[in-house]
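Worksheet: one structure, shown below.
The values are calculated or read from the model by the stated rules, or taken from the named source; none is laboratory data. What you see is a predicted model, and the numbers here were worked out from it, not measured in a lab. Because the Cβ atoms are built from the backbone with ideal geometry, glycine has one as well, and the counts that use them run over all protein chains shown.
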């Protein structure tokens, strides 16, 4: 996902009327997917108590392979999307009260027995954002964007891998976290500057004559 697309989603999310529950829910879900790197199942089965708005973290409990190899993880929520999340949580509380719903889901549904969204509902919520902004994207792009943004911001690969719930950094690097070419070029040029500074420093040192 391009930076322009992300910024368009963020700015529109910040401006959405919280009285429009379906729309604020859609933007909160998409932004959390981008900024926490959740898989579809992970965000769909998240409970409202999984969010800590004091520490601003999301506990991801229902992970891939949770019955065997998967491990729960906690990820930070970026400051820039917190206003959207806060407004959504207030709208969610009102929706729960108005619908007399016992749902524990972070993103509740009134059409399922367990109160959680189904996979098709996630797709429909994503489509609300697409239609609003006249753009197209897949939910899996949100997870890829999460990994790529942290790689581009120089977070070490091992930390990105842990935040994404990967068992190996090889998965992170191969599928989600290849450094952009422009970033690689900037780092390469930075080594030139470092070499020049070191050479200049050595040339400026006074020579010492032997006795």
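Observations, loosely collected:
- Considering the range 126-139, the residues that are within 29 Å of residue 174 (Cβ to Cβ) and in contact (Cβ under 8 Å) with a residue 40 or more places away in the chain include one that is farthest from the chain's Cα centre (by Cα), namely 135.
- Residue match in the range 22-37 (condition: outside any helix (DSSP H, G or I) and either on the phi > 0 side of the Ramachandran plot or out of contact with any strand residue (DSSP E or B) (no Cβ under 6 Å at 6 or more places or on another chain) (or both)): yes
- Matching residues in the range 88-125 - criterion: being modelled with pLDDT of 90 or more and more than 23 Å from the chain's Cα centre (by Cα): 93, 94, 95, 96, 97, 98, 99, 100, 101, 102, 103
- Every residue from the range 61-79 that is surrounded by 13 or more Cβ atoms within 10 Å (Cβ to Cβ) and under 16 Å from residue 28 (Cβ atoms): 75, 77, 78
- Of everything in the range 141-170 that is touching a strand residue (DSSP E or B) at 6+ places or on another chain (Cβ under 8 Å) and in a helix (DSSP H, G or I), the residue that is farthest from residue 5 (Cα to Cα) is 162.
- Conditions (1) loosely packed, with under 15 Cβ neighbours inside 10 Å; (2) in a loop (DSSP other than H, G, I, E, B); (3) touching a helix residue (DSSP H, G or I) at 6+ places or on another chain (Cβ under 9 Å); number of the one not met by residue 127: (2)
- Among residues of the range 54-84, those that are over 26 Å from residue 167 (Cβ atoms) and either in contact with a strand residue (DSSP E or B) (Cβ under 7 Å, 6 or more places away or on another chain) or not in a helix (DSSP H, G or I) (or both), counted: 2
- Of all residues in the range 14-43, those satisfying the criterion of being free of Cβ contacts under 8 Å to residues at least 24 places away in the same chain and either in contact with a helix residue (DSSP H, G or I) (Cβ under 8 Å, 6 or more places away or on another chain) or closer than 21 Å to residue 79 by Cβ (or both) are 15, 17.
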